[in-house]
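S.K.: What follows is a single structure, and I will ask about it in a moment.
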Amino acid sequence: MAVDFSNIFSIAGKTALVTGGSRGIGEMIAAGFLAAGAKVYISSRKADVCDATAARLSSEYGGECISLPADLSGVAGAEALAAEIASRESKLDILVNNAGASWGAPIDEFPEAGWDKVMDTNVKGVFFLTQKLLPLLRAAGTADDPARVINIGSIDGL
């Protein structure tokens, strides 16, 4: 029996949100999703960079990549991003929580403000964005094809 490899990684017809999608790993994930046929939203704190990356990815991969700048370090930012997605989509198939923050100080010099910044984005933001997007994720999922939440982490933030 021959296997059809031309379609094995297709996610055509799926909608994805990649936080931290304007550079690095997030940008690469967004590019891969576009290449596999998904409609992709990317978010990052810096609107100009997010907008430019979305335009470039759309051009390079021929898909639809939409910029939704957002600061996910607090509940308000998570709520705003979830509301914006909900105003545009009736479902969300894939959420990639990739946005992250680091402080860059040795542990013996790490200040409370740095700790709070890292925890707010890397833990609190991930939890509350996922929570606020649950209705759209549930709308996309079925028993045979559930919605996916992918959390990306790094020791750089610690």
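The values are calculated or read from the model by the stated rules, or taken from the named source; none is laboratory data. Worth saying up front: this structure is predicted, and the values here are computed from it rather than measured. A quick note on method: Cβ atoms are made from the backbone with ideal geometry, for glycine too, and the neighbour counts reach across all protein chains shown.
S.K.: I want to confirm something. Restricting to region 66-89 and keeping residues that are closer than 13 Å to Lys39 by Cα and either modelled with pLDDT under 95 or more than 14 Å from the chain's Cα centre (by Cα) (or both), which single residue is surrounded by the most Cβ atoms within 10 Å (Cβ to Cβ)?
M.R.: By that ranking, first place goes to Glu89.
S.K.: Is it the case, given these coordinates, that Ala86 is closer than 19 Å to Val18 by Cβ, small (Gly, Ala, Ser), in contact (Cβ under 8 Å) with a residue 24 or more places away in the chain and touching a helix residue (DSSP H, G or I) at 6+ places or on another chain (Cβ under 9 Å)?
M.R.: Considered against the rule, which asks whether it is closer than 19 Å to Val18 by Cβ, small (Gly, Ala, Ser), in contact (Cβ under 8 Å) with a residue 24 or more places away in the chain and touching a helix residue (DSSP H, G or I) at 6+ places or on another chain (Cβ under 9 Å), Ala86 comes out as yes.
S.K.: I'd like the full set of residues that are more than 16 Å from Gly100 (Cβ to Cβ) and crowded, with 22+ Cβ neighbours inside 10 Å, limited to region 46-65.
M.R.: Within region 46-65, Thr53, Ala54, Leu57, Cys65 meet the criteria.
S.K.: Does region 116-139 include one or more residues that are assigned to a loop (DSSP other than H, G, I, E, B) and of a type in the set (S, T, N, Q)?
M.R.: no
S.K.: What residue, among those in region 100-124 that are in contact (Cβ under 8 Å) with a residue 40 or more places away in the chain and either of a type in the set (Lys, Arg) or out of contact with any helix residue (DSSP H, G or I) (no Cβ under 6 Å at 6 or more places or on another chain) (or both), is surrounded by the most Cβ atoms within 10 Å (Cβ to Cβ)?
M.R.: In this case the residue turns out to be Thr121.
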